[in-house]
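Here the structure is laid out as structure tokens; the discussion comes afterwards.
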Amino acid sequence: MVPLSASRSRGLAGRVRVPGDKSISHRSMIFGLLSVGETTVEGLLEGADVLATAEACRKLGATIERVGEGAWRIRGVGVGGLLSPESALDFGNAGTGARLMMGVVAGHGITASFDGDASLRKRPMMRVLTPLLRMGAEIVSSAEGGRLPLVLRGAADPVPITYETPVASAQVKSAVLLAGINAPGRTTVIEAEATRDHTERMLAHFGAEVTVTPHGDHGRRIVLQGRPELRPSPIVVPADPSSAAFPLVAALIVPGSDIVIEGVMMNPLRIGLITTLKEMGADIVELDRRVEGGEDVADLRVRHSALKGVDVPAERAPSMIDEYPVLAVAAAFASGETRMNGLDELRVKESDRLAAVAAGLAANGVDHRIEGNDLIVAGTERAKGGGLVATHMDHRIAMAFLVMGLASDKPVTVDDTGFIATSFPVFVPMMRGLGAEFA
């Protein structure tokens, strides 16, 4: 346990670049594995989660080396060339890495054991495994309810399927597509609500034939032609919008703040938080909008703002699912009620994030309530603070409530910051560099 307290700070100031996007970092390793030849990656997030995925790729046959800060080379074995690992694929706290790799293994005639830390062992896996079983994979053994530790036997000749996702989940969609890479014919995923599309973009970047068309009011239909010859392609990883959320909200709620966050990914399916904060009155200005590594990016200038409560629609959740804890913090400093609708997906993250956020708000004197899967925060433009927040081994809960402490009346303490390294290893020194008071 590594506790930390955050205290009311003077205005934050400076320019920062947050770590590379976690979703793209995971996928860069996996697509490097599935290509024949050398893939170069710049700006990789070198957090524990991504490094666990890199080690899993090594065990499946890839040669991977670090050649500089955030710079990596991956020499892959190609689709169909994976080796059965000699030991378990241990993903630590990385739910994304574990679920995506289940898709990779399911589409190959190999057997692999999946494991993780105590937090990951509690997380549900069956919604990913269900379509993979339809494609011919087999669960050899697992903990109760299909949880880790789990042994998965992939299909030597996977069956292409059409799968309509029952919940909005980029991980489920991506696992099916990754299994479909080695299936003959077309694998189709239909989603009622569009989720982050990094897997589809990277498939195309590496030379696969993938088509994306609208489905219904908010959804998409993704069709992948199986067994492509993926070409090694360089990847430049943009700054992670989910990590940028923390200094961004800190600057909005700490009086006198004026910061710039460089190179933030502005993918339309990832900017739900920025859209919501602008609706709340946030002073966020996009500078130097450009394309890097196939993704739209921009520098964001963020200044302290008077926020007002808003109603956040449920259909926006897929584009900001990891940002709700820090949005709840912003809502506490807004004027009026903010209602965040349709947060059922938060209950199956690293912790039950909905319950963890509510407990953190309660510990720091913020009026709130949960109605079904909706979180309502009654903003009063201040937070009393003074509370001890149980993080439940969840990095985003830890960072969100440290941000709260920077503007609250009394310091806010989180019980453990050790897991921040999974996604944002430099969070504490970066925030201190902007002027944050941590002790």
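Mind listing whichever residues of region 257-275 are open to solvent by less than 10 Å² (accessible area, probe 1.4 Å) and more than 18 Å from the chain's Cα centre (by Cα)?
Of everything in region 257-275, those that are open to solvent by less than 10 Å² (accessible area, probe 1.4 Å) and more than 18 Å from the chain's Cα centre (by Cα) turn out to be Ser257, Ile259, Ile261.
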query = Quick check: anything in region 199-215 modelled with pLDDT under 95 and open to solvent by 60 Å² or more (accessible area, probe 1.4 Å)?
reply = yes
query = What is the residue count in region 184-194 for residues that are within 24 Å of Val79 (Cβ to Cβ) and either open to solvent by 60 Å² or more (accessible area, probe 1.4 Å) or not in a strand (DSSP E or B) (or both)?
reply = 3
query = So, of the residues in region 276-311 that are in contact with a helix residue (DSSP H, G or I) (Cβ under 8 Å, 6 or more places away or on another chain), in a strand (DSSP E or B) and without any contact (Cβ under 8 Å) to a residue 40 or more places away in the chain, which turns out to be most open to solvent (accessible area, probe 1.4 Å)?
reply = Asp283
ask   = Out of region 392-434, which residues are open to solvent by 40 Å² or more (accessible area, probe 1.4 Å) and within 20 Å of Arg347 (Cα to Cα)?
value = His392, Met393, Phe419
request  = For region 1-41, enumerate the residues that are of a type in the set (Asp, Glu) and either buried (at least 24 other Cβ atoms within 10 Å of the Cβ) or within 18 Å of Ala244 (Cα to Cα) (or both).
outcome  = Asp21
Given (1) assigned to a strand (DSSP E or B); (2) on the phi > 0 side of the Ramachandran plot, number of the condition Gly342 does not satisfy = (1)
ask   = Would it be correct to say that Glu350 is of a type in the set (D, E, K, R), in a loop (DSSP other than H, G, I, E, B) and either open to solvent by 20 Å² or more (accessible area, probe 1.4 Å) or within 28 Å of Arg27 (Cβ to Cβ) (or both)?
value = yes
note = Residue pairs qualifying under the 9 Å Cβ cut-off, at least six apart or on distinct chains, with the first in region 375-386 being modelled with pLDDT of 95 or more and the second being surrounded by fewer than 23 Cβ atoms within 10 Å (Cβ to Cβ) and hydroxyl-bearing (Ser, Thr, Tyr), are Gly379/Ser335; Thr380/Ser335; Glu381/Ser335; Gly385/Ser7; Gly386/Thr413
task = Filter region 211-253 down to residues that are touching a helix residue (DSSP H, G or I) at 6+ places or on another chain (Cβ under 9 Å), of a type in the set (Gly, Ala, Ser) and either in a loop (DSSP other than H, G, I, E, B) or within 21 Å of Gly103 (Cα to Cα) (or both), then give me how many there are.
result = 2
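The values are calculated or read from the model by the stated rules, or taken from the named source; none is laboratory data. For clarity, every value in this text was computed on a predicted model and none was experimentally measured. In this analysis, Cβ positions are derived from the backbone assuming ideal geometry, glycine residues included, and neighbour counts consider all displayed protein chains. Side chains included, ligands, DNA and RNA excluded: accessible areas come from the protein's heavy atoms. Shrake-Rupley method; radii C 1.70, N 1.55, O 1.52, S 1.80 Å.
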